[in-house]
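**Student:** The following block contains the structure, expressed as structure tokens.
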Amino acid sequence: DAGITQSPRHKVTETGTPVTLRCHQTENHRYMYWYRQDPGHGLRLIHYSYGVKDTDKGEVSDGYSVSRSKTEDFLLTLESATSSQTSVYFCAISFSGTYNEQFFGPGTRLTVL
Amino acid sequence: QQQVKQSPQSLIVQKGGISIINCAYENTAFDYFPWYQQFPGKGPALLIAIRPDVSEKKEGRFTISFNKSAKQFSLHIMDSQPGDSATYFCAATYQTGANNLFFGTGTRLTVIP
């Protein structure tokens, strides 16, 4: 998985609790992305980062926040988890921007009860 | 609103046959069209990609056909093999620097021996 790890790999939590997912890369790639994958929707971009402390919203960012304090780590936080955020979350990295291959991590399966 | 529409949702093909997956888009600003392959429990991986200045790109048994006027593109898998059984996603992006990918909803391909 191209030097990308995600933790935890599986998590079950309850509605209203905060959740943080971690993406760690060893490739020193500049761009990092968080996607969610849901049946019937494919993958949808939540947030992305183009450098340390530089982040921006994707198409489904409501209810999520991100932080990137180091090149290698990109955190996704659900401030108050809801059942609609039950999904598989993928982190991806890209050496540079446009037209460059995105390498995906193994995913985190999150269930919000 | 799904920016990239993909069909069929599932596909069953005999070994040795041709698998065809179709995608359509509306945003004429899109100028890069990758296909990703995903095996169960894994993250997606880039399979092949095309720019709209060419009508076809071939890599081994995989070919992308692109019709700019119709805003459609398709993936052809020749001599399909059981090892090709996976979910395939088309995607599109445009030159923003951040390489935000807009994915189709996916096609689950099953190749029967």
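**Student:** Which value, in Å² and to the nearest 10, is the accessible area of B:R61 when all protein chains are kept and the probe is 1.4 Å?
**Tutor:** Result for B:R61: roughly 70 Å² accessible.
**Student:** Give the average, rounded to an integer, of partner chain Cβ atoms located within 10 angstrom of each Cβ in B:34-45. List each step's numbers first, then the result.
**Tutor:** Working: counts 3, 0, 5, 0, 5, 0, 0, 5, 6, 17, 10, 6.
Averaged over the peptide's residues, the number is 5.
**Student:** Can you compute the modelled spin-label distance between A:D73 and B:Q72, with each label point 7 Å from Cα toward Cβ, in nm?
**Tutor:** 4.9 nm
**Student:** Considering every residue in A:43-51, what mean count of other chain Cβ atoms within 10 Å of its Cβ is obtained? Provide the component values of the computation, followed by the final result.
**Tutor:** Numbers: counts 12, 4, 5, 0, 0, 4, 1, 3, 0.
Neighbouring Cβ atoms belonging to other protein chains average 3 per residue here.
**Student:** Based on the Cβ-Cβ distance from B:K5 to A:N28, what FRET efficiency comes out when R0 is 35 Å, to the nearest 0.05? The partial results should precede the final answer.
**Tutor:** Values: r = 36 Å, r/R0 = 1.03.
With R0 = 35 Å, the Cβ-Cβ based efficiency is 0.45.
**Student:** How much length, in nm to one decimal, is gained on full extension between A:E59 and A:T17, taken as 0.36 nm per residue of separation minus their Cα-Cα distance?
**Tutor:** Values: separation 42, 0.36 × 42 = 15.12 nm, distance 2.33 nm.
Residue separation times 0.36 nm, minus the Cα-Cα distance, leaves 12.8 nm.
**Student:** Along the Cα→Cβ direction, 7 angstrom out, place labels at A:R9 and B:Q14. What is the inter-label distance in nm?
**Tutor:** About 3.9 nm separates the two model spin labels.
**Student:** P(r) of the protein assembly as shown in 5 Å steps, Cα pairs, percent per bin?
**Tutor:** Using 5 Å bins, I get a P(r) of 1, 7, 15, 19, 18, 16, 12, 7, 3, 1, 0 for the protein assembly as shown.
**Student:** How high is the relative contact order of chain B, in percent, with contacts defined as C-alpha pairs under 8 Å that are six or more residues apart? Write down the numbers at each step before the final one.
**Tutor:** Working: 279 pairs, mean separation 42.2, N = 113.
Relative contact order for chain B comes out at 37 percent.
**Student:** Percent relative contact order of the range B:12-77, based on C-alpha pairs within less than 8 angstrom and at least six residues apart? Walk me through the numbers before you get to the answer.
**Tutor:** Working: 101 pairs, mean separation 22.3, N = 66.
Computed over the range B:12-77, the figure is 34 percent.
**Student:** Taking only C-alpha pairs under 8 Å that are 6+ residues apart, what is the relative contact order of chain A in percent? It would help to have the intermediate numbers written out before the result.
**Tutor:** Numbers: 299 pairs, mean separation 40.7, N = 113.
Averaging sequence separation for qualifying contacts and normalising by length gives 36 percent for chain A.
**Student:** So, one more: Under a crude label model (7 Å from the Cα following the beta-carbon direction), how far is B:T28 from A:V52 in nanometres?
**Tutor:** Once both label points are built, they end up 4.4 nm from each other.
The values are calculated or read from the model by the stated rules, or taken from the named source; none is laboratory data. Predicted, not measured: the structure shown is a model, and the values here were computed from it. Quick reminder, even Gly has a Cβ in these numbers, built from the backbone with ideal geometry, and neighbours come from all protein chains shown. Side chains are part of the model used for accessible areas, which takes the heavy atoms of the whole protein and leaves out ligands, DNA and RNA. Shrake-Rupley method; radii C 1.70, N 1.55, O 1.52, S 1.80 Å.
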